[in-house]
1. Test each condition in (1) at pLDDT 95 or above; (2) out of contact with any Cys (no Cβ under 6 Å at 6 or more places or on another chain) for PHE72 and report the one that comes out false.
2. Can you tell me which residue among TYR40, TYR24 is of a type outside the set (A, V, I, L, M, F, W, C) and outside any strand (DSSP E or B)?
3. Give the residues of the range 6-23 that are surrounded by 16 or more Cβ atoms within 10 Å (Cβ to Cβ), within 18 Å of PHE100 (Cα to Cα) and not aliphatic (A, V, I, L, M), sorted by residue number.
4. Exactly one of (1) over 11 Å from the mean Cα position of the chain (by Cα); (2) surrounded by 21 or more Cβ atoms within 10 Å (Cβ to Cβ) is unmet by LEU48. Its number?
5. From the list GLY86, GLY32, GLY99, exactly one residue is in contact with a strand residue (DSSP E or B) (Cβ under 8 Å, 6 or more places away or on another chain), exposed (fewer than 11 other Cβ atoms within 10 Å of the Cβ) and free of Cβ contacts under 8 Å to residues at least 24 places away in the same chain. Which is it?
Amino acid sequence: MITLCHIDEIEEGRSKGFEVLNKYLFAVKKDGRLHLYYNYCPHLGTPLEWQEDQFLDSDGALIQCSTHGALFLIENGQCILGPCKGKRLKAIPFVLGNGFMMVEEADVSTLGRL
């Protein structure tokens, strides 16, 4: 298991990026729940954030790709607006233990490279 962070390091309605095994992931906390995705836009394969740990739109309601403005639902990664409409972000399985968010090495190592 690889530890990403303590759950309190991500504030409600905020996001945080991680580099794990030379792959880039990000987590979002919404309504007290964490969601973890591969930092990879399904349109062009570019990273999503416009600044470090900034993956959300100005309202903090949706994940936003900084390249073309595509918008994704936080709960399931579905693109609802933009050039990749109908596609999804790749969700990464994780476990919570003792307040820490962790991923299996195998779940990360099989991801493509940016």
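The values are calculated or read from the model by the stated rules, or taken from the named source; none is laboratory data. Predicted, not measured: the structure shown is a model, and the values here were computed from it. Every residue, glycine among them, receives a Cβ derived from its backbone with ideal geometry; neighbour counts consider all protein chains shown.
1. Only one criterion in (1) at pLDDT 95 or above; (2) out of contact with any Cys (no Cβ under 6 Å at 6 or more places or on another chain) is unmet by PHE72, namely (2).
2. Numbers: TYR24 fails: outside any strand (DSSP E or B).
Testing whether each residue is of a type outside the set (A, V, I, L, M, F, W, C) and outside any strand (DSSP E or B) leaves just TYR40.
3. Step one: of the range 6-23, the residues surrounded by 16 or more Cβ atoms within 10 Å (Cβ to Cβ) are 10, 14-18, 20, 23.
Next, from what is left, pick out any that are within 18 Å of PHE100 (Cα to Cα): 10, 14-18, 20.
The answer is ARG14, SER15, LYS16, GLY17, PHE18.
4. (1)
5. On the way: GLY32 fails: in contact with a strand residue (DSSP E or B) (Cβ under 8 Å, 6 or more places away or on another chain); GLY99 fails: free of Cβ contacts under 8 Å to residues at least 24 places away in the same chain.
The unique qualifying residue is GLY86.
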